[in-house]
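Asker: Handing you this structure, nothing more for now.
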Amino acid sequence: MKLASLKHGRDGRLVVVSRDLTRFADAGHIAPTLQAALDNWKRHAPRLHTLAEEVEIGSVPTDRFHENDCASPLPRAYQWADGSAYVNHVALVRKARNAEMPDTFWTDPLMYQGGSDTFLGPRDPIPLADESWGCDMEGEVAVVTGDVRLGASHEEAQRAIRLVMLCNDVSLRNLIPNELAKGFGFFQSKPSSAFSPVAVTPDEFEGMWDGDRLNGTLSVRLNGESFGRANTRADMTFDFPSLIAHAAKTRALSAGSIIGSGTVSNRGEDGGPGKAIADGGVGYSCIAELRMVETITQGAAKTGFLKRGDRVEIEMLDDRGRSVFGRIDQIVGG
């Protein structure tokens, strides 16, 4: 089933959306918000699935679904932890700085804890007070979990995945170096992220989900031009259960925790840095990666970060050309 939160108060109004993203039915008689549904998933999920089936066959009243009316599926969450599952992205960062990458990066996931008290809606503008901060988009996949016990195994983590969605993890690249130099991690350099209009249960995917990874093409467009078409399964070093288990190593996770994949990144066909779409590659999911490749191959980064008025679109289509999650479509500083 596909779930969305229409803008309403702090936590949105839960609705069930048709597979083709054209219609929705209010789910308030089951659970008022997505967080309420996740808090008692065992009870609410079967009823939501039944409502989803009724939406498909037209046996319940529905209204036209407009993605502009959506908040992120969870407008705020108890936990937002973003990993770096595509180690190719990390390797390029290190190579561009002429820094060795520790071998442990291939065996122990990188992860940071982001701010989850405010998320941007999928069509909300990206606030940007100062262009010199180096605003960047990051196209990612994310999962929403149920309750996860401390020390959960890979199998337990896999069973805890409730929903899958897309993410634009907004980053202020030029603020990152000084923050990391303090030895305390990201804060100001990681403002509010945005998520896709709908979140999808794993059973809804037709061959795109294997229990651990999503297999699809993540379309990232910048100002109407194709910027990236990376495959979300290829080159994913750490699968989602591994990321969840990593996050739960020393703490339990509450239902409604969001775990991100980090920037989706594919190697080139020769195993080296990926190429831009214009050069026959699959492109990139963030500007920083293109800048790293430019540094490696041309000696210096040439592409600038986002400016006010730039438009970022992130979407995934199925094999029949239908949008799976709806489209993140944001104007910088709009």
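Asker: So if I check each of Pro122, Pro109, which one is in a loop (DSSP other than H, G, I, E, B), closer than 30 Å to Trp41 by Cα and touching an Asp or Glu at 6+ places or on another chain (Cβ under 8 Å)? I'd like the intermediate steps shown before the answer.
Answerer: Working: Pro109 fails: touching an Asp or Glu at 6+ places or on another chain (Cβ under 8 Å).
Going through Pro122, Pro109 in turn, the sole match is Pro122.
Asker: Can you name the strands (runs of 3 or more DSSP E) wholly within region 227-334 that have at least 1 residues being within 19 Å of Ser196 (Cα to Cα) and touching a Pro at 6+ places or on another chain (Cβ under 7 Å)? Walk me through it before giving the result.
Answerer: Working: elements: 257-260, 311-316, 328-331.
Qualifying strands (runs of 3 or more DSSP E): 328-331.
Asker: Please pick out the residue among Gly272, Gly280, Gly299 that is over 22 Å from the mean Cα position of the chain (by Cα), open to solvent by 50 Å² or more (accessible area, probe 1.4 Å) and over 20 Å from Gly216 (Cα atoms). Even if it seems obvious, please write down each step before you answer.
Answerer: Details: Gly272 fails: open to solvent by 50 Å² or more (accessible area, probe 1.4 Å); Gly280 fails: over 20 Å from Gly216 (Cα atoms).
The conditions single out Gly299.
Asker: Looking at region 153-190, which of the residues that are assigned to a loop (DSSP other than H, G, I, E, B) and touching a helix residue (DSSP H, G or I) at 6+ places or on another chain (Cβ under 9 Å) is surrounded by the most Cβ atoms within 10 Å (Cβ to Cβ)?
Answerer: Ala160
Asker: Pairs, please: C-beta under 7 Å, at least 6 apart or cross-chain, first residue basic (Lys, Arg) and in region 223-250, second part of a loop (DSSP other than H, G, I, E, B) and open to solvent by less than 40 Å² (accessible area, probe 1.4 Å)?
Answerer: Lys249/Gly151
Asker: How many of the residues making up region 78-87 are over 14 Å from the mean Cα position of the chain (by Cα) and either modelled with pLDDT under 95 or within 17 Å of Pro197 (Cα to Cα) (or both)?
Answerer: Qualifying residue count, region 78-87: 1.
Asker: Which count do you get for residues in region 52-78 that are crowded, with 20+ Cβ neighbours inside 10 Å and closer than 29 Å to Leu253 by Cα?
Answerer: Residues in region 52-78 being crowded, with 20+ Cβ neighbours inside 10 Å and closer than 29 Å to Leu253 by Cα: 8 in total.
Asker: Provide a single number: the residues in region 47-69 that are assigned to a helix (DSSP H, G or I), closer than 15 Å to Asp26 by Cβ and of a type outside the set (A, V, I, L, M, F, W, C). I'd like the intermediate steps shown before the answer.
Answerer: Within region 47-69, the subset assigned to a helix (DSSP H, G or I) is 47-57, 67-69.
Now restrict to residues that are closer than 15 Å to Asp26 by Cβ: 47-48, 50-52, 54-55, 69.
Of the ones still in play, those that are also of a type outside the set (A, V, I, L, M, F, W, C) are 47, 50, 54, 69.
Summing the residues that are assigned to a helix (DSSP H, G or I), closer than 15 Å to Asp26 by Cβ and of a type outside the set (A, V, I, L, M, F, W, C) in region 47-69 gives 4.
Asker: Can you find even one residue in region 33-40 that is open to solvent by 60 Å² or more (accessible area, probe 1.4 Å), assigned to a helix (DSSP H, G or I) and at pLDDT 95 or above?
Answerer: Within region 33-40 (the criterion being open to solvent by 60 Å² or more (accessible area, probe 1.4 Å), assigned to a helix (DSSP H, G or I) and at pLDDT 95 or above), the answer is yes, since at least one residue qualifies.
Asker: Right, next: Looking at Arg291, Arg327, Arg311, which one is within 26 Å of Asp124 (Cβ to Cβ), under 15 Å from the mean Cα position of the chain (by Cα) and surrounded by fewer than 24 Cβ atoms within 10 Å (Cβ to Cβ)?
Answerer: Working: Arg291 fails: under 15 Å from the mean Cα position of the chain (by Cα); Arg311 fails: under 15 Å from the mean Cα position of the chain (by Cα).
Answer to the check: Arg327.
Asker: May I ask you to list the residues in region 117-152 that are of a type in the set (S, T, N, Q) and surrounded by fewer than 22 Cβ atoms within 10 Å (Cβ to Cβ)?
Answerer: The answer is Thr118, Ser132.
Asker: What are the pairs, 6+ residues apart or on separate chains, where a residue within region 315-333 that is acidic (Asp, Glu) has its Cβ under 9 Å from a residue that is open to solvent by 30 Å² or more (accessible area, probe 1.4 Å) and assigned to a loop (DSSP other than H, G, I, E, B)?
Answerer: Glu315/Arg327; Asp318/Glu206; Asp319/Glu206; Asp319/Gly207; Asp329/Arg123
Asker: Same structure again: Search region 196-210 for residues being within 17 Å of the chain's Cα centre (by Cα) and either in a strand (DSSP E or B) or of a type outside the set (A, V, I, L, M) (or both), and hand back the single one that is modelled with the lowest pLDDT. Write out each step before concluding.
Answerer: Keep residues of region 196-210 that are within 17 Å of the chain's Cα centre (by Cα), which gives 196-202, 205, 208-209.
Okay, now just the ones that are also either in a strand (DSSP E or B) or of a type outside the set (A, V, I, L, M) (or both), so 196-197, 199-202, 205, 209.
On the way: Ser196: 98, Pro197: 98, Ala199: 98, Val200: 98, Thr201: 98, Pro202: 97, Phe205: 94, Trp209: 97.
The selected residue is Phe205.
Asker: Tell me whether region 11-33 contains one or more residues that are aromatic (Phe, Trp, Tyr) and touching a residue at least 60 places away in the same chain (Cβ under 8 Å).
Answerer: The initial filter retains those residues of region 11-33 that are aromatic (Phe, Trp, Tyr), namely 24.
Subsequent filtering for residues that are touching a residue at least 60 places away in the same chain (Cβ under 8 Å) retains none.
No, because not a single residue in region 11-33 is aromatic (Phe, Trp, Tyr) and touching a residue at least 60 places away in the same chain (Cβ under 8 Å).
Asker: Moving on. Here are Pro241, Pro202: which of them is open to solvent by 10 Å² or more (accessible area, probe 1.4 Å), closer than 23 Å to Asp39 by Cα and not β-branched (Val, Ile, Thr)? Outline the logic, then answer.
Answerer: Details: Pro241 fails: open to solvent by 10 Å² or more (accessible area, probe 1.4 Å).
Of the residues listed, the single one that is open to solvent by 10 Å² or more (accessible area, probe 1.4 Å), closer than 23 Å to Asp39 by Cα and not β-branched (Val, Ile, Thr) is Pro202.
Asker: Here's a follow-up. Which one of the conditions (1) open to solvent by less than 30 Å² (accessible area, probe 1.4 Å); (2) not in a strand (DSSP E or B) does Leu218 fail to meet, given that it meets all the rest?
Answerer: (2)
Asker: Another question, if that's okay. Every residue in region 7-24 that is over 19 Å from Tyr78 (Cβ atoms) and surrounded by 21 or more Cβ atoms within 10 Å (Cβ to Cβ), please.
Answerer: Val15, Val16, Val17, Phe24
The values are calculated or read from the model by the stated rules, or taken from the named source; none is laboratory data. This structure is a prediction, so every number in the text was calculated from the model and none was measured. All Cβ positions, glycine included, derive from the backbone under ideal geometry; neighbour counts span all protein chains shown. These accessible areas exclude ligands, DNA and RNA; they are computed on the full protein's heavy atoms, side chains included. Shrake-Rupley method; radii C 1.70, N 1.55, O 1.52, S 1.80 Å.
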